[in-house]
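Novice: Quick one: this structure, given as structure tokens, is what I'll be asking you about.
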Amino acid sequence: MKRSVEHYRTRDAAYEWLQKRGVSVEDIAELVMLLQGDYIHDLVMEDCIRSVERVLAKREVQNAILTGIQLDVFAEERKLASPLQEIIEYDEGLYGCDEILSLSITNIYGSIGMTNFGYIDKIKPGILKRLNSKTDGEIHTFLDDIVGAIAAAASSRIAHSRYPVR
């Protein structure tokens, strides 16, 4: 299938913005290993990385990354109107739009993605702990949920590939 130039620009921008915000494919793959390692005993990090890369190849995932990070950056730069500025800046618990955007990613590989996302969003391991620390002066209201959703979707992808329907 021939990909458009626009697709590659979007994909490259999504990878670049993740990197600028301190998130690597390997960071997300570590979350995938955490989610699936107890269930798939021969799972290796390369499988997790490949699955994350496949999820990141999806246009809707790239669009969610670009949208979420842009909103986080606008909040850092105090470019949002009140009360949205304060809601995103302080990651208000009842806001929910950050999770809704991320749920569009978790649904790509079925309902197991939602349970994976809920679990990882609650315990906040690895890169999610850093993104939620608020010690670097950056706002990651959307990014932490997007990263968790990518990991959840990649985990679901692995689960579906290892347990085919018979």
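The values are calculated or read from the model by the stated rules, or taken from the named source; none is laboratory data. The structure displayed is predicted, hence computed values, not measured ones. Quick reminder, even Gly has a Cβ in these numbers, built from the backbone with ideal geometry, and neighbours come from all protein chains shown.
Novice: Collect the residues in the range 86-106 that are assigned to a helix (DSSP H, G or I) and of a type in the set (D, E, K, R), keeping them in residue-number order.
Specialist: Across the range 86-106, the qualifying residues are Glu86, Glu89, Asp98, Glu99.
Novice: Hey, among the residues in the range 20-46 that are of a type in the set (A, V, I, L, M, F, W, C) and free of Cβ contacts under 8 Å to residues at least 60 places away in the same chain, which one's surrounded by the most Cβ atoms within 10 Å (Cβ to Cβ)?
Specialist: Met33
Novice: Got a number for residues in the range 47-86 being surrounded by 18 or more Cβ atoms within 10 Å (Cβ to Cβ), more than 24 Å from Ser161 (Cα to Cα) and among the β-branched types (Val, Ile, Thr)?
Specialist: 2
Novice: Kindly indicate which of Glu53, Glu76 is farther than 22 Å from Ala151 by Cα, out of contact with any strand residue (DSSP E or B) (no Cβ under 6 Å at 6 or more places or on another chain), at pLDDT 95 or above and among the acidic types (Asp, Glu).
Specialist: Exactly one of Glu53, Glu76 is farther than 22 Å from Ala151 by Cα, out of contact with any strand residue (DSSP E or B) (no Cβ under 6 Å at 6 or more places or on another chain), at pLDDT 95 or above and among the acidic types (Asp, Glu), namely Glu76.
Novice: Looking at the range 97-105, is at least one residue exposed (fewer than 12 other Cβ atoms within 10 Å of the Cβ) and more than 13 Å from the chain's Cα centre (by Cα)?
Specialist: Scanning the range 97-105, I find no residue that is exposed (fewer than 12 other Cβ atoms within 10 Å of the Cβ) and more than 13 Å from the chain's Cα centre (by Cα), so the answer is no.
Novice: Only residues in the range 1-19 that are at pLDDT below 90 count as the first member; pair them with residues that are in a helix (DSSP H, G or I) and surrounded by 10 or more Cβ atoms within 10 Å (Cβ to Cβ), Cβ under 8 angstrom, at least 6 apart or cross-chain, and list the lot.
Specialist: Partner pairs satisfying both residue conditions: His7/Arg59.
Novice: Enumerate the pairs (first residue in the range 81-93 and without any contact (Cβ under 8 Å) to a residue 24 or more places away in the chain; second residue anywhere and part of a loop (DSSP other than H, G, I, E, B) and polar (S, T, N, Q)) with beta-carbon separation below 9 Å, excluding pairs fewer than 6 apart on the same chain, so at least 6 apart or on different chains.
Specialist: Filtered contacts from the range 81-93: Ile87/Thr141; Tyr90/Thr141; Glu92/Thr141.
Novice: Residue pairs, Cβ under 6 Å, 6 or more apart or interchain, first in the range 148-166 and over 12 Å from Ile105 (Cα atoms), second outside any helix (DSSP H, G or I) and modelled with pLDDT of 90 or more. List them.
Specialist: Arg162/Ile40
Novice: Now for a separate question. Among the helices (runs of 4 or more DSSP H) lying completely within the range 1-78, list those that include at least 1 residues that are of a type in the set (Phe, Trp, Tyr) and over 16 Å from the mean Cα position of the chain (by Cα).
Specialist: 5-20, 59-76
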